[in-house]
Amino acid sequence: MNATGLSKAGDSGAVLDSRRDSRLRALGRISRRHPLGAFGGFVLLVIVVLAVGAPYLAPFDPVDGNSAALYSPPNSIYWLGTDGFGRDILSRLIYGARISLLVGLGASLLGVGVGASIGIIAGYRGGWTDIIAQRVMDAMLAFPMLLLALAMAAVLGPALHNVIIALAMPIVPRAARIARSSVLVLKATAFIEAARATGCSSARIMLRHVLPNTMAPLLIIATAYLGLAIVQEAALDYLGAGIQEPQASWGLMMSGSATTLALVAPWIVIFPGLAIFLMVLASNLLGDAIRDLLDPKLQRDYP
Amino acid sequence: MKTSRPSNCSAISRRDALKTAGVAVAAAVAAPRWASAQTPKRGGTLRVSNGGDPPDFDVHQSATYLTQFVGAPCYSTLLRADPRDYNRLVADLAEKWDISPDGKTVTFQLHGGVVFHDGTPLTAEDVIYSLDRIRKPPRGIVSPRKGLLGNIASIEAAGPLTVVMRLTEPQPDFLFMVSNPYNVIVPKKVCEPLDAQGQGMKRHIVGTGPFRLTQAIDGQIYELSRFDSYFGEKAYLDKIQFFPIKGEVERGAALQGKRIDASFFFPNEAVLSTLRKVPGITELRRPTPTFVNLIPNVQRKPFDDIRVREALSLAVDREAFIKTVGPLAGAFYHSIGLMPPGSPYSLSAEQIKQFGGYDTLPGLGGNVAANRQRAISLLEQAGVPKDFKIVIITRGDLPAFRDSAINVAAQLKTIGLDATVDVRDTGSFYTMETKGDFQLVAHSVAMGGSVPDQIFGEGYTSYGGRNYGNWKDDALDNLFRDQSREANPQKRTELIKKFQLEFLKTYYQINLAWVGYGAAHLNTVKGWVALPDIYANMQMDKVWLDA
Amino acid sequence: MFSFILQRLVIGIVTLFGVAVMVFIIMRVIPGDAAVMLSGAGAGVVSEEELAQVRSKMGLDRPVVIQFADWAGNIAALDLGTSLRTGNPVIKDIARRFPYTAQIVVMATLIAVCLGIPAGVLSARYAGTWIDRVLQALSIGGLAAPSFWVGLILILGLVALFQWSAPLLWEPFWVSPAKSLAQLFWPALAVGLRQLALIARMTRSIMLEVLGEDYIRTARAKGLSEWDVVVRHGLSNGLLPVVTLIGFEFSALFGGLIITEAVFSVPGLGQYVVASILNRDYPAAQGIVLVLAGIVVLGNLTVDLIYGWLDPRTRLRGAQA
């Protein structure tokens, strides 16, 4: 229960401190052993900070353009240059981080949450529930991620929450598959039988016993699909089916007049793509490190 | 290398060449004689690129250059613009025409020996069917320019090649209405059954023009070949090929690489200026009767309140708009009033300044901050809450639409409105617009002519095809009709100016800037003359290749 | 073996049916009233009466289940309806565009395999050295780079350096193979990049495992050349996982393909599906989405069968799943 083995009421502060210290030290140790993962985590942290603090950190308004500084190259005032409307690219990148994070995290968590639930229930119950759920998931899996997201976004409309739902949909069957196979593995042991024998209800079993055991692969999938969700979101925005102007979104920043000005003002298309690249890279590296930590035996190269 | 720099106030000398009612004019056969220093060579294929596929081939139902550019070489109108003088009309299908002394009867004498591409001869019936199709479209057929021919009471044949049109009122601008480049003549025998099916001429081109359609592969190529039984002088070119290339940069690169010979649609200044530096390419930009309007849906709260509409107009700094959207979309021009830049009917600076927001036009020295303050208080008075959500719908494929909307949304934010843009594809954009399913729309209105009856008739009357905002105002409509039938030029000028003042007061539509489109072609392309109108003179019958 | 094939086929068919149902459900809800689109409301106003007429003509007013049965029946007869946008039968549009997409898929996979496996082998062979590190960095980069950004940058570079522009007329492969390969090379590269990176990484880790095995040491001890050791003994183990990977990533490949075709303006199925969906051309959208999902199902089925043929163990396991 306590890290140091000594605990007196008056020492609770000291106990907490030392627990925190040891956690930090553990973090430090892990970081040294997995430098790439640490780097990924750090980059993500920076992006989160930028996104949260956007109104304070962004040097200019992302929507208001300066008509005297149209598509100007990076300079001392506009560090990454301006776009066709005279809007500061750095500020738009910072605000765009909000969208990418929100959508990436939202879609990833929603998809994994719903998918895992379906997978666990299907695996646990077996029988027709399982067969039907599997076929439905198979059908969903047959849709390329972008295709499903595009169709859903077109149907639901270009609001942010719709984009999140649209991007969560391709993740659901993949998470369901993983969760289901975890349950099947558990079923093969006597674990569940034992739990039932002690009188646990099905729901309790699934929640309290099955779920924690599938957390590891689910977490890996969540980080893997975080990157993919962000890329798909950018693709949706680029095609015009996602976030709309004049809001700032990384995918949107590369579409429209950006492509027409690309030869004379390449920074307009280069930087947003670079941002996406960095964020996906970071989440991939972090995901790899997490996977290594949780189960180094797992095959590394596909989710 | 012929270039024309965009300037803020382009001075095009405009001679008023309207025929006035009351004077019978028997126009001589005006056979177009294009001044040409060299002898045109025959043969060759002209490769042109447009910014996309034509959504369909039915010119009457269309409002986009994508259809009109492909259709124009295949069809004829009764009259067409003189390439040497945009304000004059010369013969096309109509050999002769005259107007009765009372100005209410116009008789057209058609060319003899005209055949359609399918070999059938043209008769007065085809002209009657075509014009009736425009002014009284059959069920299932859409006609945006219906109102332009609204003054026609009846059209009859007075002989196999004679068409008589009776007007309700005399109309000095009438011939210009008829000669709108979209008002092409289609064959009754082919079109009528297709109209009955509700399909119209969407998948077919059968016309009397110098070229006919020989190949159409969506996404790749649209090919026209010379029609050797053309009633006029045979075209010089063997073929015209249209290639859809969406990206302007790619189009410019294709031109530079000599993979295409011409593109007549370059909104973006950066691309055009890249081409300016290339030897062997002629590029130009000229103003056109295209203007960007902000159109509120008057049927929806709070846009039924004139204070709100005025606030919208006050919010927009037009000079900043022109500076920003100009390079992106060609919206470099502005006019004082509702008529095109440099028009003799333009208002004075003093007159325009009284309307909210218009003093921010370049050179008029308006105070943007003060305007916006006033806009905020007007919104308060009208009870519009802060951060009121407004969605501006627009078209995604044209910068004049899309980038205008983006800039306007940003400017509306300065008066406390939470404005976003909904970029739509052409199809669903028009659907929403015509159903009135929007709050605010940023529309780049491209007219097929620049006379008052065209601009006001289509753009600023209750029944005009561009009244997307669904406002109704009998006084304005009556004032329009008054100027339309006024024979005396001085009186008419007064009425035209009065109309503009009365309309501007209402803020039913808020004018921002005028658009000029760029065009570029290899120097081997000869005989193409750019008129201050993108739709005019696109039949290509006088174009030849100096290969 | 036979029962394995049969089982897989049945699952495939059921999945296809499920896909059809899903497509129909999604597309029926698309806003932008199909009746208004069909009546040609380009720039004018259409009356309610006309809309009702169009609705009944198109069968939009019948119960949903009947509409689905109709549509499914038509699909079985290879009638996917008529596109509102192009006016052609959807099946004809798809047939015309199919070769380009198929070619990109094949080329992308070939590029990924032909570059990815050697990269992985090299990486494993020189594990720990700078060669390995560079290759690993490249593959991590390849995984993270969004394919449409790569496409945009590629185009930028090509235009700026070589005055490149998209081909005006895309040559089908059987008309002029060399030109066709050249035209589709860049889009295929952008599409195949992710696969390339994945294959390289996977080959590397497999080779590392394999190269440490005893029988490899034996082979080396016997004096066999590096080539023999690495390629013949090591690589044969890597084939199965690569096939699995390709199958697993098949659907992701199509996702990248859709957006890349849009960027490069390739007149393939990807561009068609984007245009159909964004233009609310619902007959075409229904048809093309079904076809694309169907291709993925067939592709997965094929990979499953190949896998089963290559590895007898799966046949037994598969029967239990």
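Here are the numbers for this structure:
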quantity: Wholly within the stretch B:49-164, strands (runs of 3 or more DSSP E) carrying at least 2 residues that are over 21 Å from the mean Cα position of the chain (by Cα); calculated: B:94-99, B:105-110, B:152-157
quantity: When residues of the stretch A:256-275 are limited to those that are crowded, with 24+ Cβ neighbours inside 10 Å and not hydrophobic (A, V, I, L, M, F, W, C), the one farthest from the other protein chains (Cβ to nearest Cβ); calculated: A:Pro272
quantity: Failed criterion for B:Glu223 (all others in (1) outside any strand (DSSP E or B); (2) without any contact (Cβ under 8 Å) to a residue 60 or more places away in the chain hold); calculated: (1)
quantity: The stretch B:162-174 - residue that is buried (at least 21 other Cβ atoms within 10 Å of the Cβ) and in contact with a strand residue (DSSP E or B) (Cβ under 8 Å, 6 or more places away or on another chain) and, of those, nearest to B:Val127 (Cα to Cα); calculated: B:Val163
quantity: Some residue of the stretch B:391-414 being more than 26 Å from B:Gly516 (Cα to Cα), in contact (Cβ under 8 Å) with a residue 60 or more places away in the chain and more than 11 Å from chain A (Cβ to nearest Cβ); calculated: no
quantity: Enumeration of residues in the stretch B:165-198 that are under 28 Å from B:Ile534 (Cβ atoms) and part of a loop (DSSP other than H, G, I, E, B); calculated: B:Gln171, B:Pro172, B:Asp173, B:Ser179, B:Asn180, B:Pro181, B:Tyr182, B:Asn183, B:Val184, B:Ile185, B:Val186, B:Pro187
quantity: Residue within the stretch C:81-101 that is within 22 Å of C:Ala197 (Cα to Cα) and either touching a residue at least 12 places away in the same chain (Cβ under 8 Å) or more than 11 Å from every other protein chain (Cβ to nearest Cβ) (or both) present; calculated: yes
quantity: Qualifying residue in the stretch B:213-230 (condition: more than 14 Å from chain C (Cβ to nearest Cβ), on the phi < 0 side of the Ramachandran plot and buried (at least 24 other Cβ atoms within 10 Å of the Cβ)); calculated: yes
quantity: Any hit, the stretch A:252-267, residues being more than 23 Å from B:Gly247 (Cβ to Cβ), hydrophobic (A, V, I, L, M, F, W, C) and in a helix (DSSP H, G or I); calculated: no
quantity: Residue list for the stretch A:132-160, restricted to those being more than 10 Å from chain C (Cβ to nearest Cβ) and at pLDDT 85 or above; calculated: A:Ala133
quantity: Selected residue [of a type outside the set (Asp, Glu) and surrounded by 15 or more Cβ atoms within 10 Å (Cβ to Cβ)] from A:Ile131, A:Ile118; calculated: A:Ile118
quantity: The stretch B:334-352 residues that are free of Cβ contacts under 8 Å to residues at least 24 places away in the same chain, paired with ones that are surrounded by fewer than 22 Cβ atoms within 10 Å (Cβ to Cβ) (beta carbon under 7 Å, 6 or more apart); calculated: B:Ala349/B:Leu364
quantity: Filter result (surrounded by fewer than 23 Cβ atoms within 10 Å (Cβ to Cβ) and in contact with a helix residue (DSSP H, G or I) (Cβ under 9 Å, 6 or more places away or on another chain)) within the stretch B:520-538; calculated: B:Leu522, B:Tyr535, B:Asn537, B:Met538
quantity: Qualifying residue in the stretch B:220-232 (condition: modelled with pLDDT under 90 and of a type in the set (Val, Ile, Thr)); calculated: no
quantity: Selected residue (only one of A:Leu105, A:Leu93, A:Leu80 is aliphatic (A, V, I, L, M) and not in a helix (DSSP H, G or I)); calculated: A:Leu80
quantity: Unique match (being surrounded by fewer than 24 Cβ atoms within 10 Å (Cβ to Cβ), within 14 Å of chain A (Cβ to nearest Cβ) and modelled with pLDDT under 95) among B:Gly326, B:Gly342, B:Gly337; calculated: B:Gly326
quantity: Residue match in the stretch B:242-257 (condition: surrounded by 23 or more Cβ atoms within 10 Å (Cβ to Cβ), of a type in the set (Gly, Ala, Ser) and more than 10 Å from chain C (Cβ to nearest Cβ)); calculated: no
quantity: Lone qualifier among B:Phe321, B:Phe291 - being among the aromatic types (Phe, Trp, Tyr), assigned to a helix (DSSP H, G or I) and either within 25 Å of B:Leu364 (Cα to Cα) or at pLDDT 95 or above (or both); calculated: B:Phe321
quantity: Tally of residues being at pLDDT 75 or above, away from chain A (no Cβ under 14 Å) and under 22 Å from C:Ile66 (Cα atoms) across the stretch C:1-43; calculated: 0
quantity: In the stretch A:60-80, the residues that are more than 14 Å from every other protein chain (Cβ to nearest Cβ) and either within 30 Å of A:Asn284 (Cα to Cα) or of a type in the set (A, V, I, L, M, F, W, C) (or both); calculated: A:Pro74, A:Ile77, A:Trp79, A:Leu80
quantity: Test: A:Val163 is surrounded by 22 or more Cβ atoms within 10 Å (Cβ to Cβ) and away from chain C (no Cβ under 13 Å); calculated: yes
quantity: Count of residues meeting criterion [of a type outside the set (Ser, Thr, Tyr) and facing chain C (nearest Cβ under 10 Å)] in the stretch A:276-295; calculated: 10
quantity: Qualifying residue in the stretch A:85-108 (condition: crowded, with 24+ Cβ neighbours inside 10 Å, among the hydroxyl-bearing types (Ser, Thr, Tyr), away from chain C (no Cβ under 14 Å) and in contact (Cβ under 8 Å) with a residue 40 or more places away in the chain); calculated: yes
quantity: Selection count where residues are at the interface with another protein chain (Cβ under 7 Å from one of its Cβ atoms) and either touching a residue at least 60 places away in the same chain (Cβ under 8 Å) or among the charged types (D, E, K, R) (or both), scope the stretch C:141-169; calculated: 3
quantity: Selection count, the stretch C:65-123, where residues are touching a strand residue (DSSP E or B) at 6+ places or on another chain (Cβ under 9 Å), crowded, with 21+ Cβ neighbours inside 10 Å and among the basic types (Lys, Arg); calculated: 0
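The values are calculated or read from the model by the stated rules, or taken from the named source; none is laboratory data. Here the structure is a predicted model, which is why all the values come from computation and not from measurement. As a convention, Cβ positions derive from the backbone with ideal geometry for all residues, glycine included, and neighbour counts pool all protein chains shown.
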